[in-house]
Amino acid sequence: MQAVVFPAPHTVILDQVADPRCAADEVVVQVAQVGICGTDLHLYRNEYPASFPLIAGHEFAGQIVEVGPDVTGLQRGQRVAVDPNLSCGACYFCRRQQANHCLNWEGIGITRPGAFAEYVAVPARACYPLPDTLSDTQAAFIEPLSCVVHALNRLRVWPGDEVLIFGAGPMGLLLLQALQRSGAARVAVVEKQAHRRGLARDMGAAAAVDAAADQIEALRELAPHGFAIVVDATGSPAVIERALDFLRPRGQYLQFGVAPQGARVSWSPYEIFRRDWTIIGSFALCYNFEPAIAWLANRVVDVAPLVSHTLPLADFGRAFQEFAAGRTLKVHLRPRG
Ligand SMILES: [Zn+2]
Ligand SMILES: [Zn+2]
């Protein structure tokens, strides 16, 4: 089959590799659509634990074409989305409902071959059958939307909250929609790209302001006492360093963006104490596919405007460069055309 392979860090090739065979408790999925994610860039740059050569790709859906002998409840021809997070179910964290911190965690497209290929073998337990009404584009958004669902489970949105999101990339725009539909009164966005600010406004953002310093003053007018919830969806230490300046007393700060591993910011513990602040992290997802599917199937969240490119696998190299340069929104690949 055709596959995009990272043979070593900072190298990507389109290659012919052997078709995957499924183990007894696995199925083989023919990939219909797969998204490129920031994590793929971290893998390419060797900034995330992975084993090379690697076929990445973890945001995907497709059709089952082969079923292992021990698998029950799944059939050939079925459309499924696949949760790439494989937890053991038996370790200290799994037994405390923290599967995203599993001590024996494996990731499809991270520690084992992923979906930047025509076919991928996956454990049957990771498959979620899809309603026919869900498009391939929606289905490839289940994984990133599940991360947003996990974040909302970590936060406590109070009715009428005013929210500020830094960053209106695909994840920031998903967070915008999710927070609007979870009780927030107004959601404002800070974003440096005009096109993304326009999308945020189209999606109902109360304000979409430029990251320039003078525009930041506009946020103070919008929420003179600060925002009840401030979300970082940039991962930029410079942005994170200033983010708490906009948080009102008893506010919640959500670290959603992935900062470089060694990055440090300077926050005042006195202010965290004095203002009753809550600082929340949100890592990946923890069995959140079902609510994400329900949101998409019921059109609570609209993902179509978040896709800037839908391309064949052969265009991966060029698309990956554009993505790395921040010139795309979500890029989807269709290995079968
Ligand atoms: Zn991802
Ligand atoms: Zn575990």
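The values are calculated or read from the model by the stated rules, or taken from the named source; none is laboratory data. Remember, predicted model here, so these are calculated numbers, not experimental data. Virtual Cβ from ideal backbone geometry, glycine too; neighbours counted across all protein chains shown.
I'm checking my understanding of the structure. Among residues of the range 46-75 that are of a type in the set (F, W, Y) and within 16 Å of ligand 1 (Cβ to nearest atom), which one is farthest from the chain's Cα centre (by Cα)? Looking at residues that are of a type in the set (F, W, Y) and within 16 Å of ligand 1 (Cβ to nearest atom), I get Y48.
Consider A168 carefully, then state whether it is closer than 20 Å to P305 by Cβ, part of a loop (DSSP other than H, G, I, E, B) and away from ligand 1 (no atom under 15 Å from the Cβ). Yes: the conditions hold for A168.
The residues of the range 34-52 that are at pLDDT 95 or above and part of a loop (DSSP other than H, G, I, E, B), listed by number, are I36, C37. Consider L296 carefully, then state whether it is touching a Pro at 6+ places or on another chain (Cβ under 8 Å), within 25 Å of N85 (Cβ to Cβ), surrounded by 13 or more Cβ atoms within 10 Å (Cβ to Cβ) and touching a residue at least 12 places away in the same chain (Cβ under 8 Å). Against the criterion (touching a Pro at 6+ places or on another chain (Cβ under 8 Å), within 25 Å of N85 (Cβ to Cβ), surrounded by 13 or more Cβ atoms within 10 Å (Cβ to Cβ) and touching a residue at least 12 places away in the same chain (Cβ under 8 Å)), L296 does not qualify. If the condition is being surrounded by fewer than 18 Cβ atoms within 10 Å (Cβ to Cβ) and either under 23 Å from W158 (Cβ atoms) or acidic (D, E) (or both), then the range 206-228 contributes D210, D214, E217, R220, E221, L222, P224, H225. Exactly one residue out of A23, A56 is outside any strand (DSSP E or B) and under 23 Å from V258 (Cα atoms): that is A56.
For beta carbons closer than 6 Å, sequence separation of 6+ or different chains, a first residue in the range 34-58 that is buried (at least 24 other Cβ atoms within 10 Å of the Cβ) and a second that is assigned to a helix (DSSP H, G or I), the qualifying pairs are I36/F323; A56/D40; A56/L43.
Just to be sure before I move on: is A185 closer than 21 Å to R242 by Cα, over 18 Å from the mean Cα position of the chain (by Cα) and of a type in the set (A, V, I, L, M) in the structure I sent? Spelling it out, it is not the case that A185 is closer than 21 Å to R242 by Cα, over 18 Å from the mean Cα position of the chain (by Cα) and of a type in the set (A, V, I, L, M). Of all residues in the range 102-111, those being within 16 Å of ligand 1 (Cβ to nearest atom) and surrounded by fewer than 18 Cβ atoms within 10 Å (Cβ to Cβ) number 2.
When you go through A99, A124, A81, A115 one by one, which is the residue that is surrounded by 20 or more Cβ atoms within 10 Å (Cβ to Cβ), within 16 Å of ligand 2 (Cβ to nearest atom) and either assigned by TED's automatic domain parsing to the domain that holds G317 or of a type in the set (V, I, T) (or both)? Please lay out each step first, then the result.
Details: A124 fails: within 16 Å of ligand 2 (Cβ to nearest atom); A81 fails: within 16 Å of ligand 2 (Cβ to nearest atom); A115 fails: within 16 Å of ligand 2 (Cβ to nearest atom).
The conditions single out A99.
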